[in-house]
1. Among the residues of the range 330-344, how many are buried (at least 21 other Cβ atoms within 10 Å of the Cβ) and either touching a residue at least 60 places away in the same chain (Cβ under 8 Å) or assigned by TED's automatic domain parsing to the domain that holds residue 246 (or both)?
2. Going by what's in this entry, would residue 244 be described as at pLDDT 95 or above and assigned by TED's automatic domain parsing to the domain that holds residue 148?
3. When you go through (1) modelled with pLDDT of 95 or more; (2) touching a strand residue (DSSP E or B) at 6+ places or on another chain (Cβ under 9 Å) one by one for residue 64, which number turns out not to apply?
4. Return a yes/no flag: does the range 292-309 have any residue that is at pLDDT 95 or above, within 29 Å of residue 56 (Cβ to Cβ), surrounded by 24 or more Cβ atoms within 10 Å (Cβ to Cβ) and in contact with a strand residue (DSSP E or B) (Cβ under 6 Å, 6 or more places away or on another chain).
5. Would you mind finding the one in 287, 327, 278 that is modelled with pLDDT of 95 or more, touching a helix residue (DSSP H, G or I) at 6+ places or on another chain (Cβ under 9 Å) and either crowded, with 17+ Cβ neighbours inside 10 Å or on the phi > 0 side of the Ramachandran plot (or both)?
6. Here is a check on your reading of the model: is residue 322 under 20 Å from the mean Cα position of the chain (by Cα) and free of Cβ contacts under 8 Å to residues at least 60 places away in the same chain?
7. For the range 257-358, please list each of the helices (runs of 4 or more DSSP H) lying entirely inside it that holds at least 2 residues being more than 21 Å from residue 126 (Cα to Cα).
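The values are calculated or read from the model by the stated rules, or taken from the named source; none is laboratory data. The structure displayed is predicted, hence computed values, not measured ones. Positions of Cβ are backbone-derived with ideal geometry, glycine not excepted, and every protein chain shown enters the neighbour counts.
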């Protein structure tokens, strides 16, 4: 009788035990987006290990900055691994193909690039990176202060480049400037001399380069070699150490918006991201060396913080590994309020799956091969 009772208790305990929470992560750790994906991969070790007493497993795959590979990874996550959530990916094009699979499988996705889904995709996709509109707004403030009236543009020949050009052209009249060129290049191009020459001929007051990571340095250095003396702006996608190393002294004076984590040690103590960003920066650099901090790895850290809070809520409603848990996780993410991350404060809703405000941006410039704070987000 005692043996039967013991077996029954064991069986009941097994039946009620929660399964592990499984997270699939597809990153661009090789290819043109590697300078973004590598610090993201390095951050996996710093993510939350458990929530509510339940273990979190992270399954990490490389998508090589290739949309076909990213889609293949996402299929593997949902069909073979039965993950509860997908984090993907490092670039906008790779994030967008994963969104289609997230929607079809009804699996929540957190994008690390500023991918803005539309239609049904929006239901299942959340984005930790700041919107291009938010980051552009602080650039516009700087342009007005420096009397910029004509603006040249060189950007990627993909969704990132298209979106930044759209932001510029839709805001130009209201901001008091005219976009006088629209040159494009591919992420894998080794030269953009022709595009830079055409922009330089227009003699714009300033140029904005709509690119990310190390490729963003190409048009900048090409313009300086041609003798262009005006202001050169970049997007937040360019903010990493590889960009500084590749561009060298030609980048001096470049202006760009970034998340607060980049300048964590210069933020006022009142900034809500300072303590979170400081903790991440110290842990990351302790593992990877002084000066190794990247805002792209910090995006993954914020994804982990969002998952930690949402999973605590979802575990009260369903068991990991089930459609009900995935739905509960999605709903909990959408209900996130006042979560301080390394890149700002997240307030998500059905209408807003980015959740950022002006506290998610600071303006910096390149000075002596380092970042210099121009203004803190407020």
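1. So the answer is 6.
2. On the way: at pLDDT 95 or above: no; assigned by TED's automatic domain parsing to the domain that holds residue 148: yes.
For residue 244, the condition - at pLDDT 95 or above and assigned by TED's automatic domain parsing to the domain that holds residue 148 - is not met.
3. The number of the failed condition is (2).
4. Yes, that holds for at least one residue.
5. Details: 287 fails: either crowded, with 17+ Cβ neighbours inside 10 Å or on the phi > 0 side of the Ramachandran plot (or both); 278 fails: either crowded, with 17+ Cβ neighbours inside 10 Å or on the phi > 0 side of the Ramachandran plot (or both).
Answer to the check: 327.
6. Working: under 20 Å from the mean Cα position of the chain (by Cα): no; free of Cβ contacts under 8 Å to residues at least 60 places away in the same chain: yes.
Taking the combined requirement at face value, the residue does not satisfy it.
7. Working: elements: 274-288, 295-314, 323-334.
Output list reads 274-288.
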